[in-house]
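Every number here is computed from the coordinates shown, using simple stated rules; none is lab data. Worth saying up front: this structure is predicted, and the values here are computed from it rather than measured.
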Amino acid sequence: MTNNKKLNILITIYLIFFISLITVLIFTNKIPCFIKYIFNIPCPFCGLTRAFKELFKLNIPKALYYNILSIPLLACFIYFWILLIKDIIKKDSNSINKLINIFNKYWILIVILIIVAWILNIIHGI
């Protein structure tokens with residue numbers, strides 16, 4: 001598979017995800033959580049819809065209350081968008097390798113953040 005084809009697939013997947021996320025945030029109030037429905041405990045990502053809505057309103061304390069992962073995830077989205085735009089301009093596909101390298105370097109921090117978010121969601125009853 002050529003680099004341009006990989007880049008086109010990556011951009012398409014990301015755009016579909018981003019458009020779906022924005023649509024859900026605009027037109028619904030809540031995304032059902034299957035983990036919470038089945039096990040009756042919130043998952044680490046419960047509350048992200050409300051957190052992102054609060055971030056769009058620039059209400060950072062409330063966003064952090066709903067889910068502390070909202071700020072890091074927003075930063076990742078912005079960083080990934082910058083990488084995608086750079087790849088489109090340069091007609092390159094290095095963003096995938098950069099993201100894999102970041103994950104390989106910081107996977108312990110990512111796991112710790114997810115565990116902390118899960119504990120806080122259980123405490124807050126999100």
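Some values worked out for this structure:
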| read-out | value |
| --- | --- |
| For the chain, calculated [θ]222 nm from helices alone, where every DSSP H run of n ≥ 4 adds -39500 (n - 2.57) | -26000 deg cm²/dmol |
| Segment Ala75-Trp107, length gained on full extension (0.36 nm per residue, minus Cα span) | 9.9 nm |
| Residues of type lysines that Lys90 reaches as a straight line, Cα spacing below 21 Å, ignoring anything fewer than 8 places off in the same chain | Lys5, Lys6, Lys98 |
| Descending semi-axes in whole angstrom, ellipsoid equivalent of the chain, from the Cα gyration tensor | 29, 17, 14 |
